[in-house]
Amino acid sequence: MANERTLDSAKKELMETQRKMAAYEHALALMQYDGATTAPKETADNRAVSMSILSEEIYRLGTAQETVELLEFLDAHKDALDEKQRRMVHLLLKDIREMKKIPMEEYVAFQALLVKADDVWHRAKETSDFELFRPYLEQIFDTMRRFAGYVAPEKDPYDHWLSQFEKGMTKETLDAFFGTLRSELVPLLQEIAKTAQVDDSIRFGDFPPEKQEQLALWLMETIGLDLGHVGLSTTEHPFTTSLGSHFDERITTHYYPDDFVCSMFSVIHEGGHALYDTGSAPDLAYTVLDGGTSMGIHESQSRFYENILGRSKAFCRYVFPKLCELFPDQMKGRTADELFCAVNKAQPSLIRTEADEVTYSLHIMIRYELEKKVMAGDLAVKDLPEAWNRLYKEYLGVDVPDDKHGVLQDSHWAGGMIGYFPSYALGNAYGAQFLQRMKETVDVDACLEKGDFGPINQWNREKIWQFGSLYTPGQLLERVLGGPFDPLPYVTYLKAKMHDVYGV
Ligand code: ZN
């Protein structure tokens, strides 16, 4: 070796390598963002050329012999690293070590399978033809079971994948979690079904997109986003992305001219993701620790702002005068309490992405139970549609008319994201635990009534956001809550809200 590597030079190299990765990822994210927002619709193939080259470069940089040697050198000297550096090395090495356990040709074949499966899934969904998709889904389940065996032979395969998406998560924890939700929420929904339906006509009417955009920008500022660093644009399916680092964050929304509520809460939801990302400590920028630690914690923040804060009575009262100002004719004769009831209407439905706060976790529970069984070999892929329909009837009381509105509705399985769904429901439950803790020192309702997010954001920044990915979800929960994950505060929170809305 021409230049002897010293600890100092290695630390510097570690930061430089991550900056380079962040730069490639910046370019990739910008192309994805462009594709999902303003790019003309026939330009996807053009972007795909550049994106595949950039993806390959990132992969090469991350797995290059030079990078591996650097990381192993630092790992061998980990006592001389600070907490952040140690975590960076751990995360980067973990990926490489896991990759090495999977035979290269099988990995490449799986990537090709996923590209094909996604395409077939789109067609299968359009024509509601599960049989078309079935062979691909069988292969995806088989491959993921096999890969889990390569990477973590000592673990149950489904536990392995759960932990890939939410570090430390297991079937045991989730069985208890969903068991609690099932025994508490299914009867709650049956109670609600017996009461008079909520009138949600306040949300429907004529709501020009230009006015909805004014509302969106006002909401972003209200919840505490810095519009100098967080942008807004429109898309088909709203999402949030960081470009290069948390210093440039973009959120997206979709305006429905006849219903202002969809965009309103989508903006607050994506705004919650953006608050979490942009709240990372500045020195985490351009490192693998920048941004949120897991999908579950990320959803805990987005859903905290959307549901716990955004759909609260106190915040509805704060927002209502703004709605009257923007939509004077539509809001004539309406009240803030009508808004509160309308945005908290609980109604079993077929489609997960359109579900309300109470039924949402039941949609997730159905997916969890099914993928758990298929991974364990207790349910065949060919029997998924029937099992899906049966559970929708049992938990939500709805009849699934066809597979398009049933087992084919989500893209996750086609994308090889088996084990990902539970994080959505976990996010809801984490958020309720955070709220309980926050209320010990912050008068949350008083803040919301004034539209003052300062103390709320300060609490989240100090306890959660600033750490980025420095801690695992479990470590973070332990730090914030002083105890482990517990689903009961979430159930208590939902019951209290449904009592307010329905009197049940
Ligand atoms: Zn989200």
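A quick yes/no check of all residues on (1) open to solvent by less than 10 Å² (accessible area, probe 1.4 Å); (2) under 16 Å from L181 (Cα atoms):
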| site | (1), (2) |
| --- | --- |
| Y360 | no, yes |
| H363 | yes, yes |
| Y368 | yes, yes |
| A376 | no, no |
| D383 | no, no |
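For the range 420-450, a tally of residues being within 16 Å of the ligand (Cβ to nearest atom) and touching a Pro at 6+ places or on another chain (Cβ under 7 Å) returns 1. Here Y424 meets each of (1) under 30 Å from L114 (Cα atoms); (2) in a helix (DSSP H, G or I); (3) open to solvent by less than 10 Å² (accessible area, probe 1.4 Å) with one exception, condition (3).
For the range 175-217, a residue qualifies if it is basic (K, R) and out of contact with any strand residue (DSSP E or B) (no Cβ under 7 Å at 6 or more places or on another chain), and the qualifying residues are R182, K194, K211. Looking only at the range 231-245, residues that are open to solvent by less than 20 Å² (accessible area, probe 1.4 Å) and within 15 Å of the ligand (Cβ to nearest atom) come to 1 in all. Scanning the range 337-358 for residues that are crowded, with 18+ Cβ neighbours inside 10 Å, at pLDDT 95 or above and either part of a helix (DSSP H, G or I) or more than 27 Å from the chain's Cα centre (by Cα) (or both) yields E338, L339, F340, C341, A342. Among the residues making up the range 206-229, those that are closer than 16 Å to D329 by Cβ and buried (at least 19 other Cβ atoms within 10 Å of the Cβ) are F207, Q212, L215. Within the range 35-56, can you find the residues that are open to solvent by 60 Å² or more (accessible area, probe 1.4 Å) and not aliphatic (A, V, I, L, M)? Passing the criteria: T38, P40, K41, E42, D45, N46, S52, E56. Output yes when any residue across the range 175-186 is within 16 Å of the ligand (Cβ to nearest atom) and open to solvent by less than 40 Å² (accessible area, probe 1.4 Å), and no when none is. No, the range 175-186 has no match at all. Restricting attention to the range 251-278, the residues that are within 16 Å of the ligand (Cβ to nearest atom), part of a strand (DSSP E or B) and not hydrophobic (A, V, I, L, M, F, W, C) total 2. Within the range 400-414, if we keep just the residues that are away from the ligand (no atom under 16 Å from the Cβ) and of a type in the set (G, A, S), the residue that is surrounded by the most Cβ atoms within 10 Å (Cβ to Cβ) turns out to be A414. Let me confirm something: among R317, R334, R390, which residue is in contact with a helix residue (DSSP H, G or I) (Cβ under 6 Å, 6 or more places away or on another chain), open to solvent by 60 Å² or more (accessible area, probe 1.4 Å), of a type in the set (D, E, K, R) and part of a helix (DSSP H, G or I)? Of R317, R334, R390, the one residue that is in contact with a helix residue (DSSP H, G or I) (Cβ under 6 Å, 6 or more places away or on another chain), open to solvent by 60 Å² or more (accessible area, probe 1.4 Å), of a type in the set (D, E, K, R) and part of a helix (DSSP H, G or I) is R317.
Exactly one residue out of D290, D283, D248 is open to solvent by 30 Å² or more (accessible area, probe 1.4 Å), without any contact (Cβ under 8 Å) to a residue 24 or more places away in the chain and more than 15 Å from the ligand (Cβ to nearest atom): that is D248.
Every residue, every condition in (1) within 20 Å of N344 (Cα to Cα); (2) out of contact with any strand residue (DSSP E or B) (no Cβ under 9 Å at 6 or more places or on another chain); (3) among the acidic types (D, E); (4) touching a residue at least 24 places away in the same chain (Cβ under 8 Å), yes or no:
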{"position": "F434", "(1), (2), (3), (4)": "no, yes, no, yes"}
{"position": "D443", "(1), (2), (3), (4)": "no, yes, yes, no"}
{"position": "Q458", "(1), (2), (3), (4)": "no, yes, no, no"}
{"position": "E462", "(1), (2), (3), (4)": "no, yes, yes, no"}
{"position": "G468", "(1), (2), (3), (4)": "no, no, no, yes"}
{"position": "P473", "(1), (2), (3), (4)": "no, yes, no, yes"}
{"position": "L481", "(1), (2), (3), (4)": "no, yes, no, yes"}
{"position": "Y490", "(1), (2), (3), (4)": "yes, yes, no, yes"}
{"position": "D500", "(1), (2), (3), (4)": "yes, yes, yes, yes"}
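Tell me whether the range 190-203 contains one or more residues that are farther than 30 Å from D329 by Cβ, open to solvent by less than 20 Å² (accessible area, probe 1.4 Å) and more than 16 Å from the ligand (Cβ to nearest atom).
Going residue by residue through the range 190-203, those that are farther than 30 Å from D329 by Cβ are 190-195.
Next, only the ones that are open to solvent by less than 20 Å² (accessible area, probe 1.4 Å) stay: 192.
Then keep just the ones that are more than 16 Å from the ligand (Cβ to nearest atom); that gives 192.
Scanning the range 190-203, I find at least one residue that is farther than 30 Å from D329 by Cβ, open to solvent by less than 20 Å² (accessible area, probe 1.4 Å) and more than 16 Å from the ligand (Cβ to nearest atom), so the answer is yes.
In the set (1) within 16 Å of the ligand (Cβ to nearest atom); (2) open to solvent by less than 50 Å² (accessible area, probe 1.4 Å), M417 fails one condition alone, (2). Restricting L28, L54 to residues that are over 20 Å from T240 (Cα atoms) and in contact with a helix residue (DSSP H, G or I) (Cβ under 8 Å, 6 or more places away or on another chain) narrows the list to L54. Selection of the range 293-329 for residues being within 15 Å of the ligand (Cβ to nearest atom) and among the hydroxyl-bearing types (S, T, Y) yields T293, S294, S300, S302, Y305.
Please verify whether R479 is open to solvent by 10 Å² or more (accessible area, probe 1.4 Å) and over 16 Å from L284 (Cβ atoms), treating the condition exactly as stated.
Working: open to solvent by 10 Å² or more (accessible area, probe 1.4 Å): yes; over 16 Å from L284 (Cβ atoms): yes.
Considered against the rule, which asks whether it is open to solvent by 10 Å² or more (accessible area, probe 1.4 Å) and over 16 Å from L284 (Cβ atoms), R479 comes out as yes.
The values are calculated or read from the model by the stated rules, or taken from the named source; none is laboratory data. Just so it is clear, the structure is predicted and the values come from calculations on it, not from any experiment. Neighbour counts are summed over all protein chains in view; Cβ atoms, including those assigned to glycine, are modelled from backbone coordinates with ideal geometry. When the accessible area is computed, the model is the full protein with side chains, heavy atoms only, and any ligands, DNA or RNA have been set aside. Shrake-Rupley method; radii C 1.70, N 1.55, O 1.52, S 1.80 Å.
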